[in-house]
Amino acid sequence: MKKFFLLLSVFMTLLFSLTASAEKIQSHRTMEKQHNSNPYYSRTDTTKLNLPDAVWKKVLSPEVYATARQKKTELSFSGKFWDYTGKGTYYCAACGNALFRSDAKFASTCGWPSFFEEVRKSSVTYLPDRSHGMVRTEVLCGRCGAHLGHLFDDGPPPTGKRFCMNSVVLDFVPDRQGAK
Ligand code: FE
């Protein structure tokens, strides 16, 4: 009987790890598939993109388009990254521009992925936003101009900034194991 439970637990562990890696491959494939139809996506090319919405509509998924080009805010606590703690880099889901490092991510109670600094100064640009009866600073991708979220001054040290982002316009690429 003991042997049976031992075998069962080995089998369950194996099944669990197989399912987990299949899910990982699947999500990677979904990301790749999305980018295959987007010729402007590059994680190395930093040339600025100035494309009309009609072009973006053709190459982005409806979800990414709604936030990136139509400034839709995802519901708090609904996105895939608000409480994610993986080590790696976050890129613009519309164009592949490097935006944030996981080291600059902090646990925020707001329900959106929050960072205290960008990867490099040119990663993002800013615009004053007076919509919804508030005065806020809109954060846009420095390469393609996609709407990413807003910037607030209530973040943690060392910057005191809080980049409050929408998960849907972020791609996460984990650091290679063993690499720094
Ligand atoms: Fe972008």
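Nothing in this text is a laboratory measurement; each read-out follows from the coordinates by a stated rule. Remember, it's a predicted structure, so these values are computed and weren't measured experimentally. Using ideal geometry, Cβ is built from the backbone for each residue, glycine included, and neighbour counts are taken over all protein chains shown.
Does residue 98 qualify as being without any contact (Cβ under 8 Å) to a residue 60 or more places away in the chain and away from the ligand (no atom under 11 Å from the Cβ)?
Considered against the rule, which asks whether it is without any contact (Cβ under 8 Å) to a residue 60 or more places away in the chain and away from the ligand (no atom under 11 Å from the Cβ), residue 98 comes out as no.
I'm checking my understanding of the structure. Among residues of the stretch 167-180 that are among the small types (Gly, Ala, Ser) and loosely packed, with under 14 Cβ neighbours inside 10 Å, which one is nearest to the ligand (Cβ to nearest atom)?
179
Would you check which residues across the stretch 70-99 are closer than 10 Å to residue 170 by Cα, of a type in the set (Ser, Thr, Tyr) and surrounded by fewer than 20 Cβ atoms within 10 Å (Cβ to Cβ) and list them?
Correct list: 89 only.
Please give the number of the condition residue 67 fails out of (1) exposed (fewer than 13 other Cβ atoms within 10 Å of the Cβ); (2) of a type in the set (Val, Ile, Thr); (3) in contact with a helix residue (DSSP H, G or I) (Cβ under 7 Å, 6 or more places away or on another chain).
With respect to (1) exposed (fewer than 13 other Cβ atoms within 10 Å of the Cβ); (2) of a type in the set (Val, Ile, Thr); (3) in contact with a helix residue (DSSP H, G or I) (Cβ under 7 Å, 6 or more places away or on another chain), residue 67 is out only on (1).
Could you list, in sequence order, all residues of the stretch 111-137 that are within 18 Å of residue 159 (Cα to Cα), of a type in the set (A, V, I, L, M, F, W, C) and free of Cβ contacts under 8 Å to residues at least 40 places away in the same chain?
Result: 119, 124.
Can you name every residue in the stretch 109-133 that is assigned to a loop (DSSP other than H, G, I, E, B) and either within 14 Å of the ligand (Cβ to nearest atom) or touching a strand residue (DSSP E or B) at 6+ places or on another chain (Cβ under 9 Å) (or both)?
Matches in the stretch 109-133: 110, 112, 113, 116, 117, 118, 119, 120, 130.
Considering only the stretch 114-126, I want to know if a residue exists there that is on the phi > 0 side of the Ramachandran plot and surrounded by fewer than 20 Cβ atoms within 10 Å (Cβ to Cβ).
So far as the stretch 114-126 goes, no, none of its residues is on the phi > 0 side of the Ramachandran plot and surrounded by fewer than 20 Cβ atoms within 10 Å (Cβ to Cβ).
Spot the failing condition for residue 168; the list is (1) touching a strand residue (DSSP E or B) at 6+ places or on another chain (Cβ under 8 Å); (2) within 22 Å of residue 62 (Cα to Cα), and only one is missed.
Among (1) touching a strand residue (DSSP E or B) at 6+ places or on another chain (Cβ under 8 Å); (2) within 22 Å of residue 62 (Cα to Cα), residue 168 violates only (1).
So, in the stretch 145-166, of the ones that are surrounded by 21 or more Cβ atoms within 10 Å (Cβ to Cβ) and within 30 Å of residue 55 (Cα to Cα), which residue ends up nearest to the ligand (Cβ to nearest atom)?
146
For the stretch 138-180, give me each residue that is over 18 Å from residue 104 (Cβ atoms) and without any contact (Cβ under 8 Å) to a residue 12 or more places away in the chain.
The answer is 176, 177, 178, 179.
Residue 106 versus (1) crowded, with 16+ Cβ neighbours inside 10 Å; (2) away from the ligand (no atom under 16 Å from the Cβ): which is the lone unmet condition?
(1)
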